[in-house]
1. Restricting to helices (runs of 4 or more DSSP H) lying wholly in the stretch A:351-460: which have 2 or more residues that are modelled with pLDDT under 90 and touching a Gly at 6+ places or on another chain (Cβ under 8 Å)?
2. Looking at the structure I just gave you, is A:ILE490 farther than 27 Å from A:SER307 by Cα, part of a helix (DSSP H, G or I), modelled with pLDDT of 90 or more and not hydroxyl-bearing (Ser, Thr, Tyr)?
3. Given the structure, is A:LEU134 more than 10 Å from every other protein chain (Cβ to nearest Cβ), over 26 Å from A:VAL262 (Cβ atoms) and touching a helix residue (DSSP H, G or I) at 6+ places or on another chain (Cβ under 6 Å)?
4. Looking only at the stretch B:102-137, count every residue that is surrounded by fewer than 22 Cβ atoms within 10 Å (Cβ to Cβ) and either touching an Asp or Glu at 6+ places or on another chain (Cβ under 6 Å) or without any contact (Cβ under 8 Å) to a residue 12 or more places away in the chain (or both) and tell me the total.
5. Within the stretch A:134-156, can you find the residues that are of a type in the set (Phe, Trp, Tyr) and under 19 Å from A:VAL275 (Cα atoms)?
6. Which one of these does A:PRO252 not meet: (1) in contact with a strand residue (DSSP E or B) (Cβ under 7 Å, 6 or more places away or on another chain); (2) outside any helix (DSSP H, G or I); (3) not hydroxyl-bearing (Ser, Thr, Tyr)?
7. Find the residue count for the stretch B:400-422, including only residues that are more than 10 Å from chain A (Cβ to nearest Cβ) and either part of a loop (DSSP other than H, G, I, E, B) or touching a residue at least 60 places away in the same chain (Cβ under 8 Å) (or both).
8. Can you find a residue in the stretch B:268-277 that is of a type outside the set (A, V, I, L, M) and in a loop (DSSP other than H, G, I, E, B)?
Amino acid sequence: MDFRANILTIVTFFPLAGMIVLLFFNKENKTLIKWWANIIGVVGFLISIPLWLWFDFDRADQFQFVQRVPWIQSLGAEYHVGIDGISLLLVMLTTLLGPLAILSSWSAIEDRVKEYYAFLLMLQAGMLGVFVSLDFFMFYVFWEVMLVPMYFLIGVWGGARKLYAAIKFFLYTLVGSVLLLLGILALYFTYPTMAAAHPELAQQFGTGYTFNIEAFHAMGQFLPFSAGVMDFQKWVFLAFFVGFAIKVPMFPFHTWLPDAHVEAPTAGSVILAGVLLKMGTYGFLRFSLPILPEATKAFVPLMVTLSIIAIVYGALVAMMQPDMKKLVAYSSVSHMGFVMLGMFALNPNGLNGSIIQQINHGISTGALFLIVGIIYERRHTREISQFGGLSSVMPKYATVFLIMTMSSIGLPLLNGFIGEFTIMQGAFQKNIWWAVAGGAGIVLGAAYMLWLYQRTMFGKLENPANAKLPDLNLREWATLVPLIIMAFWIGLYPAPFFRALDKPVIKLVLKVYPDYLQGAPRLEAQGERK
Amino acid sequence: MGQFFRIQDLGAIAPELELVIMGMVLLIADLLIKDKKKLGVFAIIGLGLSGVLLYRLTGIETSAYGGVLVVDQFANFFKLIFLLGAALSIALSLKYLDIERENHGEYYALILFATMGMMFMAGAVDLVTLYIGLETMAIATYVLVGFLRSNQRSNEASLKYFLLGAFSSGILLYGMSLLYGIAGSTKFIDIAEALSRRPLTDPISLMAMITLAAGMFFKIAGVPFHQWVPDAYEGAPTSITAFMSVAVKAASFAMMVRVFMVAIYPLRPQWIPIMAAVSIMTMTVGNIAAITQSNVKRLLAYSSISHAGYILLGIIAGNETGMIAVGIYLLVYTFTNLGAWAVIVALRRRDVIGEHIDEMSGLFFKNPVAAVLMLIFLLSLAGIPPTAGFIGKYYLFAAAIQTGHNTLAVIAVLNAAISIYFYLRIVVAMFMREPTEKTGLVYSPGLLTVLAVAIIFTMVIGLYPDPFITLARQAVILGF
């Protein structure tokens, strides 16, 4: 089999293959199971590296490594995979966070080990499938499939209110998904009419029913739109919006997130924050913006308002949390608000920043959940008031925590700064007040993170239970070091990432504003950075 | 047409004839054979033979008995579902009836007779033939529901089912008599022709339509005519509950499609709002009532009510996609639901009733394979990909969207989302609770066969549905 031609398929299904082999292991042989899952995770990452090496960055706006095989011919659904610059980054983020999440579970999960790793691997395959699908039907299948392993991860290995959190997660996301399905169907049935009316569409993608995402992208500009009334584009946008916004999660659909995060095991939280939430933002980028450009513009005020509320509200709520994990969870709401704000600035800076910030959020918040998990494993509590002065007993831990705090609040030289700065640039170009609101969010973010750090790490060590806590061990270093490297890499030298993004982002902007490039001065900021 | 009976008409009803003969043979053999399980195996063989005869009719389009009965792809497709449903239900019963200490030969004969009635329902294009098929099925089923003769619940269920069933047949018959009065003929085509010549608001036509619809909704358990279902499903032997929830339901839908899409098709603008309202109520009431159930049989009974509500979407859409949806959904539902019922049947042991949700606690720890299979069946019932249930739901929703029934589609998908809540209650019990001493299963070869068939088709239709869609499409293209 030609590895290069099939690389996306192999990367996506490798964890699933590993899971199937895992099912045949004796469930008592926990060490073997753990080793196997870790090896699958690491190899899964290694085989995804060629994606980065072989990716043609000069054609980053084109889908690459494409594979198409007919699947359900009576529906026009295909097995169709491929990645552009945007999905490349998200795939790499997934393959990087996957093994780290697996490794972080080594000593945290002692119960029902075999099923645990089976579900983690299944989840990994499902998430990768979402990011590589170029067929809407297939996308939807992956999108829903990963609900099941996540449900089990929370429901079986979660905290005290795990059942409540798990069902809430499932119900919320499922309600969103089924409405998304209706939106997909509406587009699906519109395509043949559009293809009949527009020969250029028919020429390229045929006249029959199709789920091809590229065909939908091409159809976007022809979809009828009338301002002021609820028309086809707006309805479909709303259906997509509910599906994706619940996943992101945007205010006011965010209430499942704190519950799910607090109850989930550490690895579940890492995956949830690191990758799952990105599926929502990816949905907006891949579908809502290019397919429904007019509706996107029409809904900008709503989207931006919700984003700003999420930024400020998430930050304020985070500040008041007595539980470390819940604090980080609410900080996610705030950070994802940033991502959405940048996206709906609908200019290259905003979108670039939005995508970079998605990666950053995966790295920083993933790391923060790992950090919280490490202390939870030692003390079995996450109450902030239980800690204080930890930096004296766990200096290495305190250092890593500090780096990730700084990354999360956007200190220059670290990744968060790059994302936030670019988003602010984009927001500023569009509307100064958006930038002001975003700025307030950054200040609040700094406040709650630094306050958390101060209360847990500094001060006198008063709680005797904390006096003899061991510092980071080798395995914990191994989970954190890759994320630290990534944080510095993006912070110091983000050019490769922007190189992957610039072209797809411009393409996206042109979908929404076909004459954007005529307003050349606004693009200069773009040029300077290269 | 000419003469009413030609000798070759026997060929058209060969599969049905074979079932009658086999049923008679079983009744006689019952006197001679002590091991009743053998009779069950014979019955399955009989169903298989009928399947072979059915297969020989593929591609043949003919009508028999002066045009009261047709052989077409639509009928064949549904007959296949009935045969499958019946055969798998019998396979479930072999051991189960021993445990209930009610293993008698007439049980198997009655299932064959009921199946034969269903097959006539699917092929009938005439009111009288249809009604006789329906009653043959119904009377056999009344007896089967009360088959646990020493069990009070079973008796009560049977009586309730019988009274309400007879009542609904009466209403149905009333509607049929009005149609006969309008058309002067009992043939669907003549009725459609006569109806199309009358104004849409003609009071007698409407009266006929409403009574007919009410009777039909009774049979498919549409809300507000659903009250008999939870009691009948709970009281009946679990294998019969499985049989009713797949085969009887499929037969009722086959009848409904024929009547609504042919006989009273001219009144379509009038019956669509009624059916839409019933569909919404059926989905919603079924799902909401299911949430509060702690008896698994009742829970699945309410879930089966809500599924009938989804299937109505296909008839409301009424186009090719909608018809394919009805077919594919019932096919999928047969496998998935029988699989789920098989697990419930297996829970019944000598000393354990195995119906309460607590009796499934920690099933995963004692019977991991059964628990995982049940999980897949439940996900399929909820319509989560990549299971077959998703393909079925996909088609129904697609049909609704394609024909512009957007509000209906939104209500349906939200219902589908809600339904995950009670399916997951079973999952929680199986996977996230500690096992009790009551937890456990008994397997038997028949049961394992059913589980294997159910899981294979649930996954294959989910992952590669093309051949099955083609099958359903042929059924509806040639059928109408």
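1. Values: elements: A:390-393, A:395-409, A:415-430, A:432-457.
Because the criterion is at least 2 residues that are modelled with pLDDT under 90 and touching a Gly at 6+ places or on another chain (Cβ under 8 Å), the helices (runs of 4 or more DSSP H) in the stretch A:351-460 that meet it are A:415-430, A:432-457.
2. The answer is no for A:ILE490.
3. Details: more than 10 Å from every other protein chain (Cβ to nearest Cβ): yes; over 26 Å from A:VAL262 (Cβ atoms): yes; touching a helix residue (DSSP H, G or I) at 6+ places or on another chain (Cβ under 6 Å): yes.
In short, yes.
4. Of the residues in that region, 1 qualify.
5. The initial filter retains those residues of the stretch A:134-156 that are of a type in the set (Phe, Trp, Tyr), namely A:136-137, A:139-140, A:142-143, A:151-152.
Across the stretch A:134-156, the qualifying residues are A:PHE139, A:TYR140, A:PHE142, A:TRP143, A:TYR151, A:PHE152.
6. The one condition A:PRO252 does not meet is (1).
7. Filtering the stretch B:400-422 down to residues more than 10 Å from chain A (Cβ to nearest Cβ) leaves B:405, B:407-408, B:411, B:422.
Add one more test, that the residue is either part of a loop (DSSP other than H, G, I, E, B) or touching a residue at least 60 places away in the same chain (Cβ under 8 Å) (or both), and what stays is B:405, B:408, B:411, B:422.
Total meeting the criteria: 4.
8. First pass over the stretch B:268-277, keeping only residues of a type outside the set (A, V, I, L, M): B:268-271, B:273.
Still in the running and in a loop (DSSP other than H, G, I, E, B): none.
Checked the stretch B:268-277: no residue is of a type outside the set (A, V, I, L, M) and in a loop (DSSP other than H, G, I, E, B).
The values are calculated or read from the model by the stated rules, or taken from the named source; none is laboratory data. Not measured: the values here are computed from a predicted model. In this analysis, Cβ positions are derived from the backbone assuming ideal geometry, glycine residues included, and neighbour counts consider all displayed protein chains.
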